Amino acid sequence: MKEHFAFDRLWRSMTIEKMSNPFFSTTEAPRIHKILARIRDSQPVNDFMVFTLFDYAMDYKKRGSFLAAMTILYELLSIIPIPYVVAEFYTIMYMYSVSRGNANLVERVCSALETDLKTMQKPELFRCKASILVDHGKYDEAIEVLQQSLKLHPHDASTTRLLASVFNRLHRNEEALVVLDQYIKRKKKDPKALELKGSILSEIGKFKDAKKCFEKASKIDKSEIRYRLMIAAMYSKMRDMPKARSIINNLLEYMKGTGSTWRNMGVFYSNHRFLDLAEYCFEKAVLLSPKEPEYVRDLTIVYRKKGELEKAIKFVRSKLRFHKGSDRVLRVLADMYLEDGQFDKAEQYACEALEVKPDDAWLFVMLGDILLHKKDEAGSERAFDKAVELSRQHPNIRVKISMMYWKHLDIKRAERILEEVLDEHPTHRLAMACMRFVKEASSMKVSMQKLYKQLEPQILALASGELPPKKDGYRLHVNIFDALADDQEDSLP
């Protein structure tokens, strides 16, 4: 059956890549062979077998073993071409192509998907294509694909929610709400659609209406605590913190909340930028589990996000007697002293963190940055070299180092490092974005000191690694021309 599909030809063309991949000679191989034998020996395959094998594949996907996941899915598709399995096969194939930096394979994946979509016009494949288009920043094309899918399958919940989400990413919230309202009129008991509508209403400041959406979702699905957490968040936005805390307290009392449970709530609120509630939950977590260094770090980051740097430093220092041996706590303290301009203390705690975790490449990047601030260029270069030595397979380290040099106005070195990364990984997205940024900046006839002064907050946010994603999934947007288009007295000849 699969021979009629383009994904079959694509997979067969990858013989060399498959056989040269380390997976096929590891201890995992016997397990895969047993799974494949179960597929071949179990005909007809029942639903339980399909779900089990699909879960096996998703487990390998989560672990980054893309070829193993595709091998299982391909064998499953050899028996029956299930649309959601086909879509997932293409999704993983695309992820594999991008991770390998293989632009040619990315193009072939997209071409094969387009071919199969003509013969299997199912919502899952339309969503797969749309997701890839979004990944390439082609939002208008993604919208057209999803709208085409809804014409064929007007009641498909996942497609509706994805279309609304794309509109939301583009800040076209009215269009997103129209899509959701039309769907909710037909399907009044879809809690996920109500949740998405509530989230959009919250973003545009309609907290009372958003709360109603989350309350409806919670009544439909009483087992999902996320909806009740969002109800509490809406009360906090309406400046009713006692009510918000009461909801959380009742929920945690029902769940017999431990330090870990409170921490999970804090992570949820921190990720959604409800910082007052995140602070409340993390403080409870630290109180219940004072010896957990990760909880201390979590609460410290929330203080920093709220702009309370001095409070964050004092808090961490008060916990050092418990966590002197935690690289996580020492790292965050070093980072805060760096932000506060206390470079000697920043170096001290970065070095103490390295004593705990001497093979941490990111710690060496931090140390290199601190030493650059101290004008110790030789020491900084040694730290950066060590970071690269410890992370040969992780180009993100070198991209971040390039941004460190950019931050310190060594533009040529930043550009050279990015060129090296892109020579090895031509489609590495972060490296490509940073290179465009550096090229634009270096081509302008303007004082680099002046440019850095204008862009310092964005550069520091990018270098921190803790900047939350924007609506389109990217972490930073800078308009170089806006930054440079002012008076010319500082321009270079």
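The values are calculated or read from the model by the stated rules, or taken from the named source; none is laboratory data. Note that the structure is predicted; figures quoted are calculated from it, not measured. Cβ atoms come from the backbone with ideal geometry, glycine included; neighbour counts cover every protein chain shown. SASA here: full protein model, heavy atoms, side chains in, ligands and nucleic acids out. Shrake-Rupley method; radii C 1.70, N 1.55, O 1.52, S 1.80 Å.
The magnitude of the dipole of the stretch 367-408, with charges of +1 and -1 set on the Cβ of Lys/Arg and Asp/Glu and taken from the Cα centre, is near 120 debye. When nucleic acids and ligands are ignored and a 1.4 Å probe is applied, residue 373 ends up with an accessible area of around 50 Å². The calculated FRET efficiency for the pair residue 255 and residue 178, based on their C-beta separation and a Förster distance of 30 Å, comes to about 0.20. Apolar share of the accessible surface for the stretch 342-409: 46 percent from carbon plus sulfur atoms, 1.4 Å probe. Taking a sphere under 14 Å around the Cβ of residue 413 and counting the other residues whose Cβ falls inside, with K and R at +1 and D and E at -1, yields a net charge of -3. Counted by Cβ distance under 15 Å from residue 122, the other residues give a net charge of -1, where Lys and Arg count +1 and Asp and Glu count -1. Multiplying the residue separation of residue 396 and residue 359 by 0.36 nm and subtracting their alpha-carbon distance yields 11.7 nm. Going by a ≥ b ≥ c, the root eigenvalues of the Cα gyration tensor, does the stretch 369-432 fall in the rounded group (a/c under 1.5), the prolate group (a/b larger than b/c) or the oblate group? Note, shape of the stretch 369-432 comes out oblate.
When nucleic acids and ligands are ignored and a 1.4 Å probe is applied, residue 386 ends up with an accessible area of around 70 Å². Once both labels are positioned 7 Å from their Cα atoms along Cα-to-Cβ, the gap between residue 409 and residue 157 label points is 5.7 nm. The residues of the stretch 393-438 expose on average 47 square angstrom of accessible surface per residue, using a 1.4 Å probe on protein heavy atoms. Counting only residues at least eight positions apart within a chain, or on another chain, the lysines with an alpha carbon under 19 Å from that of residue 189 are 197, 211, 212, 216, 219, 222.
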